[in-house]
Amino acid sequence: MPGARVGGVSHVRTGCGHRPPERARRAQMKIGIIGAGNIGGNLTRRLTALGHDVSVANSRGPETLTALAKETGATPVRVEEAARGAQVVVVTVPLKAVPDLPSGLLDGAADDAAVIDTGNYYPQRDGRIAAVEDDGLTESRWTERHLGHPVIKAFNGTYAQDILDRHRPAGDPGRMALPVAGDDPAAKARVRALIEELGFDTVDSGGIDDSWRQQPGTPVYGLQAGVDEVTKALAEASPERPADFRG
C-alpha cells in the first residue's frame with residue numbers, strides 16, 4: 001500500500017487537537033499500552049477520551065511521553081510498569097522488538113487480562129524470522145510464545161488515522177469492521193466489546209493459528225469496509241505468504 005503502512009508503522013497523525021466531550025466520563029477499565037507509535041498513540045487518545053484509565057510506555061522512557069500525557073491524561077510509565085493491574089494490555093511494538101521486552105512483563109496484570117497484539121511481520125524491518133517463515137508459525141503465535149501469555153490479534157491491519165477519524169455509531173452504514181483472532185473466548189469477547197466501544201464493528205477471524213487470514217498481504221489487510229466485506233475478504237485469504245512479505 002504505497003505511502004502508508006498499517007499496524008502502527010508509518011501512518012502519520014494529523015489534526016486531533018481537541019479532546020472529545022466524552023473525555024470527562026469516569027474511567028471504566030485500566031488499560032496498559034506498550035508502544036506509543038501511531039497505533040499506540042491513537043489508541044491512547046481514543047481510550048482516554050472514552051474514560052478509560054490508560055498507562056502508556058515506550059522504549060525511550062516516560063519522560064519522552066509528556067506531550068502525549070498532557071494531551072490525553074494518560075499516565076506515562078516505564079515498560080515494566082505498563083501492565084500493572086491492567087484488564088487490557090496492548091502490545092504495539094515492531095515484531096523485532098518483542099523478544100527484547102522485559103521478562104515477566106505481564107506478571108502484574110489482572111488475572112484475566114486480555115492482551116492485544118497489533119504487530120505485523122515485515123522482513124525488511126524485522127529481519128528474517130525462521131519460526132514464521134520456515135516453521136509456519138503465525139506472527140501472533142510467535143509473539144504469544146515470547147510473551148508467555150495468550151494474545152488477541154487486532155488492529156494489525158488498521159490505519160492509525162482511522163482510529164481517530166473513522167469511528168461511527170453502531171448501525172451507521174459507514175461503520176468499519178475489524179477482524180479479531182484469538183483462542184481465549186473471554187479475552188476475545190472483551191477485546192471485541194472494546195473495539196465496538198471505539199466505534200467499529202468486529203468479525204471473528206478464528207484462533208491464533210488462523211490469524212494468517214489478517215496478516216500483511218491478505219485481502220483484509222488495510223481494508224476499510226463493513227462486516228460483509230471483511231468476512232468475504234477473510235474467506236478469500238491464502239495461507240501462502242506473498243513474496244513481498246518474505247525474507
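Against the list (1) in contact (Cβ under 8 Å) with a residue 12 or more places away in the chain; (2) part of a loop (DSSP other than H, G, I, E, B), the condition ARG60 fails is (1).
Right, ARG13: assigned to a helix (DSSP H, G or I) and either modelled with pLDDT under 95 or β-branched (Val, Ile, Thr) (or both) or not? No. Is there a residue in segment 38-48 that is of a type in the set (A, V, I, L, M), out of contact with any Gly (no Cβ under 6 Å at 6 or more places or on another chain) and modelled with pLDDT of 95 or more? Yes - at least one qualifying residue is present in segment 38-48.
Among the conditions (1) part of a strand (DSSP E or B); (2) open to solvent by 30 Å² or more (accessible area, probe 1.4 Å), VAL89 misses just one, which is (2). For segment 189-247, filtered to residues that are part of a helix (DSSP H, G or I) and of a type in the set (Ser, Thr, Tyr), the residue that is surrounded by the fewest Cβ atoms within 10 Å (Cβ to Cβ) is THR231. Out of segment 142-194, which residues are charged (D, E, K, R) and closer than 11 Å to ASP117 by Cα? The answer is GLU144, LYS153. Here the condition is being of a type in the set (Lys, Arg) and modelled with pLDDT under 95; of ARG246, ARG213, ARG192, ARG175, it holds for ARG246 alone. When GLY136 is tested against (1) closer than 19 Å to ARG246 by Cα; (2) in a loop (DSSP other than H, G, I, E, B); (3) open to solvent by less than 30 Å² (accessible area, probe 1.4 Å), exactly one condition is not met: (3). Tallying residues that are open to solvent by 10 Å² or more (accessible area, probe 1.4 Å) and in contact with a strand residue (DSSP E or B) (Cβ under 7 Å, 6 or more places away or on another chain) within segment 159-177 yields 1.
Could you give me the residue pairs with C-beta distances under 9 Å whose first residue belongs to segment 159-181 and is more than 24 Å from TRP212 (Cα to Cα), whose second residue is open to solvent by 10 Å² or more (accessible area, probe 1.4 Å) and at pLDDT below 95 wherever it lies, and which are 6+ apart or on separate chains? Once the first residue is more than 24 Å from TRP212 (Cα to Cα) and sits in segment 159-181, its partners that are open to solvent by 10 Å² or more (accessible area, probe 1.4 Å) and at pLDDT below 95 give LEU164/ARG13; LEU164/GLY15; LEU164/CYS16; ASP165/GLY15; ASP165/CYS16.
The values are calculated or read from the model by the stated rules, or taken from the named source; none is laboratory data. Bear in mind the structure is a predicted one, so any value in this text is a computation, not a measurement. No Cβ is skipped: glycine too gets one built from the backbone with ideal geometry, and neighbour counts run over all protein chains shown. Protein only, heavy atoms only, side chains kept; ligands, DNA and RNA dropped before computing areas. Shrake-Rupley method; radii C 1.70, N 1.55, O 1.52, S 1.80 Å.
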